[in-house]
Amino acid sequence: MSKGLEDFIRTNREEFDEIEPSADLWGRIEKHLPPVTGEPKKREAKTFSLWFVMRVAASVIVVMGIGFGLYLKNEKKAGVDFAAINPVYAKQQGQYISMIADRRSELKSIAKSDPELYKEFSAQIAQMDSTYKEMNNELATSPNQERVLRAMIRNLKIQTDVLNQQLKVIEQMNEMKNENHVESKSI
């Protein structure tokens, strides 16, 4: 509030306290209110028909069924337990995936020095990896899961072999560059 208003209220406080509402004010307010009749109304208990209860129960069951179906569908997408199909294949698969990850990180070392070669090598591996992913998607619905798993492992082995060959090519190129560099210094 402004300082002037506060001062005015303090100095005239007694005058504000003297003013009282008129005696007939409540009577005028009562005239505008609706008339009160007897006791206040009691709330009636709501009843539901059997048909309504059955519809609600059926709706809940349908919603729960759809939710459970979606849950099962997501579980299938999560993947198949390779060890349950064949523990030896599952172990091999893990080893190959680990080797591929190591080789890919080694291959990334040439990305800056020779981006064209890296792009070509990466495209070859990406194609094989997409084939692997397709087989992985088929695995859940395949009647012969062990056969699909063997094919997946063959794919991983081929990816490993290709990556090893690509790394050898890079190694040979580096040796040739070093030899050319040494020869140019000696001349």
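Nothing in this text is a laboratory measurement; each read-out follows from the coordinates by a stated rule. Here the structure is a predicted model, which means the values were calculated and not measured. No Cβ is skipped: glycine too gets one built from the backbone with ideal geometry, and neighbour counts run over all protein chains shown.
Quick notes on this one:
- Our helix-only sum for the chain, with -39,500 (n - 2.57) per DSSP H run of n ≥ 4 divided by its residues, gives a mean residue ellipticity at 222 nm of -26000 deg cm²/dmol.
- Fewest-first sequence of T47, T11 by Cβ atoms within 10 Å of each Cβ: T47, T11
- Cα centroid of region 141-156 to Cα centroid of region 84-111, whole Å: 16
- Sorted by Cβ density within 10 Å, fewest first, the residues H32, H181: H32, H181
- Taking Cα atoms only, the orientation of helix 115-139 departs from the longest principal axis of the chain by about 70 degrees.
- At most 12 other Cβ within 10 Å, DSSP loop - trypsin sites (Lys or Arg not before Pro), region 83-148: K112
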